[in-house]
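What follows is calculated from the coordinates using simple rules that are stated; it is not laboratory data. Just so it is clear, the structure is predicted and the values come from calculations on it, not from any experiment. Positions of Cβ are backbone-derived with ideal geometry, glycine not excepted, and every protein chain shown enters the neighbour counts.
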Amino acid sequence: MKLNELTIKQAHDSLVKKEFTAVELTGSCLDEIKKTDQQIRAFITVTLEQALAKAKQVDQKIAQGDSISDLAGIPYAAKDIFCVANIKTTAGSKILENFIAPYESTTTARLKKQDAVLVGKTNLDEFAMGSSTENSGFFPTHNPHDLERVPGGSSGGSAAALAAGHCLYALGTDTGGSIRQPAAMCGVVGVKPTYGRTSRYGVIAMASSLDTIGYFAKNIEDAAIILQAVAGDDEKESTSSNIALDHYSEEIKKDVRGLKIGIPQEYFELEGLDPEVKKIIAKAIKKIEEITGSRAREISLPHTDYALACYYIIMPAEVSSNLARYDGIKYGLSEKSQDLLGSYLKSRAQGFGAEVKRRIILGTYSLSYGYYDAYYKKALAVRTLVKKDFDQAFKLVDVILAPTTPTPAFKLGEKIGDPLQMYASDIFTIPASLAGLPALSLPCGQIGQLPVGLQIIGQQFDEKTILRLGHYYEQNRK
Ligand code: GLN
């Protein structure tokens with residue numbers, strides 16, 4: 001087995017036993033990047049020198065007999081929307097093509113403190129807007145399972161990098177599904193914690209009331225280790241929560257028997273759900289019934305039909321406001337013109353791609369005088385109804401199971417001309433985002449060589465239960 005194929009847990013144990021060095025481990029990821037990233041194109045920036053320097057430091061600590069953290073010397077990749085001090089951070093946009101972050105996101109700072117090794121910054125849909133990584137301002141990323149297909153998005157570069165063995169885990173962001181959807185399509189675990197569980201500080205904002213920092217891992221055991229390292233209150237971020245963390249690596253081992261499972265009937269009635277995906281999910285549910293010894297019960301989330309429309313009002317409204325700061329003066333691309341307004345217009349016209357512009361226009365419209373009540377305010381009310389549906393359901397069950405995506409990875413170019421079709425690929429992930437709930441996707445089968453993901457949704461701040469169920473499922477799924 002090659003070193004880059006190890007899990008975090010395996011690699012850590014071997015580092016401590018001095019079976020190989022952190023430099024060797026990092027080198028094996030960098031070699032793999034060199035070998036296959038020309039086809040996959042997961043990375044915008046590879047931080048080779050910094051990675052090797054960090055790995056060397058860890059090796060010195062081990063040689064001196066110092067104790068090291070679980071993530072010390074373990075190579076990871078970060079979506080290029082996390083600010084990493086003195087490293088190019090583009091958000092996948094031409095408008096930030098040459099932007100060097102002057103400061104560090106809380107998440108990458110916490111990982112730095114643990115001596116984690118950053119191997120590079122990964123490709124994404126521009127400002128995280130998209131479901132295929134084709135909206136990147138630079139180039140599309142390819143799915144390692146089938147190079148003619150998309151890896152999903154918007155954190156498609158991170159999902160593809162992990163699936164291709166370029167790193168041992170990867171960071172992403174999930175606003176409406178951008179971790180869970182690419183995780184499903186690339187056959188890896190993807191975790192979106194509760195909104196507020198992880199700090200958004202230093203992550204370029206898309207839609208602030210929805211943006212959630214999360215990650216991709218090879219299995220749940222690793223996912224538990226990462227959550228422990230990155231989650232928790234942050235004085236720099238006012239929406240981060242001080243609700244105590246659990247000991248995730250311990251929690252996942254506790255018993256799952258008797259756990260109450262809910263199946264939202266509306267999700268399975270949805271037009272567009274691939275019958276093959278439906279079959280695979282049904283099989284996974286049966287397995288979980290066996291594991292928990294309890295029958296899954298049907299629950300109802302009656303406002304599911306409105307979730308997508310609601311998201312596509314609230315999200316663009318926040319996008320239009322968050323992206324107002326890119327004016328060609330404060331950061332990045334600056335196009336000269338005769339006057340200031342001309343420079344704003346030219347910089348934004350050239351710097352932003354079509355999807356970003358579409359959303360800025362939609363958002364500006366729905367926030368404008370006369371339309372605010374009809375659209376934005378109404379959407380906020382619908383968001384509350386979606387949240388209440390989940391509150392009702394969680395009176396009856398502990399976790400909710402659903403497909404992550406309606407179809408496996410689609411072909412590059414297949415949906416790019418039809419935004420509504422592209423938006424529909426997040427139909428199963430958006431409701432939990434609107435409600436701020438923790439949810440994860442984990443591999444549960446394949447159609448041909450294409451992976452399918454099972455989604456587990458939990459109650460707010462109850463990451464431990466979805467991880468635990470995922471862990472048991474992973475161990476027993478064969
Ligand atoms: N695909 C969804 C969108 O385009 C979700 C994006 C995300 O979660 N960042 O908005």
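Once amide H atoms are built 1.01 Å from N in the peptide plane, which residues 5 or more positions from Ile44, or in another chain, come under 5 Å H to H?
Amide H neighbours of Ile44, under 5 Å, 5+ apart: Lys121, Thr122, Asn123.
How much net charge surrounds Ile62 when only the other residues with a Cβ under 14 Å from the Cβ of Ile62 are counted, with Lys and Arg +1 and Asp and Glu -1? List each step's numbers first, then the result.
Working: positive: Lys17, Lys18, Lys54, Lys56, Lys61; negative: Asp13, Glu19, Glu24, Asp59, Asp66, Asp70, Asp115.
The answer is -2.
Pull out the extension gain between Lys395 and Lys18, defined as 0.36 nm times the separation in residues minus the alpha carbon to alpha carbon distance; nm, one decimal. Could the numbers behind the result be given before it?
Numbers: separation 377, 0.36 × 377 = 135.72 nm, distance 4.94 nm.
Gain on stretching Lys395 to Lys18: 130.8 nm.
List the residues, sorted by chain then number, that are 5 or more residues from Tyr215 or on another chain and whose placed amide H is less than 5 Å from its amide H.
Excluding prolines and chain starts, which carry no amide H, the hits are Gly172, Val191.
Placing +1 at every Lys and Arg Cβ and -1 at every Asp and Glu Cβ, with all other atoms neutral, what dipole size does the stretch 85-158 have around its Cα centre, in debye to the nearest 20? Walk me through the numbers on the way to the answer.
Values: 7 positive and 8 negative charges, 72 e Å.
Dipole magnitude for the stretch 85-158 comes out near 340 debye.
Over the chain, what relative contact order in percent results from Cα pairs under 8 Å that are six or more residues apart? Write down the numbers at each step before the final one.
Numbers: 1138 pairs, mean separation 82.4, N = 478.
17 percent.
Could you work out the local net charge near Asn476, counting Lys and Arg as +1, Asp and Glu as -1, over the other residues with Cβ closer than 10 Å to its Cβ? Could the numbers behind the result be given before it?
Values: positive: Lys287, Arg477, Lys478; negative: Glu290, Glu474.
The answer is +1.
Using a 10 Å cut-off around each Cβ, can you sort Cys29, Cys83 from fewest to most neighbouring Cβ atoms?
Details: Cys29 28, Cys83 25.
Starting with the residue having the fewest Cβ neighbours, the order is Cys83, Cys29.
Peptides 252-261, 157-166, 281-290, 99-108: what's the order by average Cβ count within 10 Å, highest mean first? Mind dumping the intermediate values first?
Details: 252-261: 15.0, 157-166: 31.5, 281-290: 16.7, 99-108: 19.0.
Going by the mean number of other Cβ atoms within 10 Å, highest first, we get 157-166, 99-108, 281-290, 252-261.
Once amide H atoms are placed 1.01 Å from N in the peptide plane, what residues at a sequence separation of 5 or more from Ile447, or on another chain, have their amide H within under 5 Å of its amide H?
Val452
Treating only the Cβ atoms of Lys and Arg (+1) and Asp and Glu (-1) as charged, compute the dipole magnitude of the stretch 203-319 about its Cα centre; round to the nearest 20 debye. Don't skip to the answer; put the middle values down first.
Values: 13 positive and 21 negative charges, 135 e Å.
Using only the charged Cβ atoms, the result is roughly 660 debye.
Can you tell me the relative contact order of the stretch 249-370? Whole percent, Cα pairs under 8 Å, sequence separation 6 or more.
Details: 100 pairs, mean separation 30.3, N = 122.
Answer for the stretch 249-370 is 25 percent.
Remind me, relative contact order of the stretch 368-478 in percent, using alpha carbon pairs under 8 angstrom and six or more residues apart? Walk me through the numbers on the way to the answer.
Numbers: 114 pairs, mean separation 30.4, N = 111.
That works out to 27 percent.
At 222 nm, what helix-only mean residue ellipticity would the chain give, in deg cm²/dmol to the nearest 500, using -39500 (n - 2.57) for each DSSP H run of four or more? Display every interim value, and only then the final one.
Values: 17 runs with 190 residues, N = 478.
Calculated at 222 nm, the ellipticity per residue is -12000 deg cm²/dmol.
Just how large is the dipole of the chain about the Cα centre, in debye to the nearest 20, putting +1 at every Lys and Arg Cβ and -1 at every Asp and Glu Cβ? Intermediate values should be presented prior to the final figure.
Values: 55 positive and 56 negative charges, 11 e Å.
That gives a dipole near 60 debye.
Determine the gain in length on full extension of the stretch Glu335-Ala282; use 0.36 nm per residue of separation and subtract their C-alpha separation, reporting nm with one decimal. Intermediate results must be reported in sequence, preceding the final value.
Values: separation 53, 0.36 × 53 = 19.08 nm, distance 5.40 nm.
Additional length available on full extension: 13.7 nm.
Longer than 20 Å from Cα to Cα, which of Lys94/Lys330; Lys94/Lys121; Lys254/Lys464; Lys79/Lys192; Lys411/Lys478; Lys17/Lys253 are they? Say none if no pair is. Mind dumping the intermediate values first?
Working: Lys94/Lys330 15 Å; Lys94/Lys121 15 Å; Lys254/Lys464 10 Å; Lys79/Lys192 14 Å; Lys411/Lys478 29 Å; Lys17/Lys253 24 Å.
With Cα atoms farther than 20 Å apart: Lys411/Lys478; Lys17/Lys253.
So which trypsin sites (Lys or Arg not before Pro) in the stretch 304-398 end up in coil per DSSP with only 15 or fewer other C-beta atoms within 10 Å? Don't skip to the answer; put the middle values down first.
On the way: sites: Arg325, Lys330, Lys336, Lys346, Arg348, Lys357, Arg358, Arg359, Lys377, Lys378, Arg383, Lys387, Lys388, Lys395; in loops: Lys330, Lys336, Lys395.
Hits after loop and neighbour filter: Lys330, Lys336, Lys395.
Would you mind putting 211-218, 68-75, 244-251, 316-323 in packing order, based on average other-beta-carbon counts within 10 Å, highest first? Walk me through the numbers before you get to the answer.
Numbers: 211-218: 28.1, 68-75: 24.8, 244-251: 15.0, 316-323: 21.5.
Peptide ranking by packing, descending: 211-218, 68-75, 316-323, 244-251.
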